[in-house]
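The values are calculated or read from the model by the stated rules, or taken from the named source; none is laboratory data. Keep in mind it's a predicted model, so treat the numbers as computed, not measured. Ideal geometry is used to build each Cβ from the backbone, glycine not excepted, and the neighbour counts take in all protein chains shown. Just the protein is used for accessible areas: all its heavy atoms, side chains included, with ligands, DNA and RNA removed. Shrake-Rupley method; radii C 1.70, N 1.55, O 1.52, S 1.80 Å.
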Amino acid sequence: MPLFTFNTAADYLDAARQMAASGRPALARLLAEAAADCTPDPADAARILDTFPAPTPREEP
């Protein structure tokens, strides 16, 4: 069974939360961007991106 299955924005968000919790903010942001791309409502997409801000270069080696 695969670790992640990406079919919906919720799938991407679940993975983004896991990456953020494990200290991988850059991966979390990439997954959040994919979730935002799958979200038809621009306000929801903006909220998703606000939840996972882009990391600064010092946050991710």
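Within the stretch 14-28, track down each residue that is free of Cβ contacts under 8 Å to residues at least 24 places away in the same chain, open to solvent by less than 80 Å² (accessible area, probe 1.4 Å), among the small types (Gly, Ala, Ser) and part of a helix (DSSP H, G or I).
Within the stretch 14-28, ALA15 is the sole residue that qualifies.
Among the residues of the stretch 33-40, is there at least one that is without any contact (Cβ under 8 Å) to a residue 24 or more places away in the chain and of a type in the set (A, V, I, L, M)?
There is no residue in the stretch 33-40 that is without any contact (Cβ under 8 Å) to a residue 24 or more places away in the chain and of a type in the set (A, V, I, L, M).
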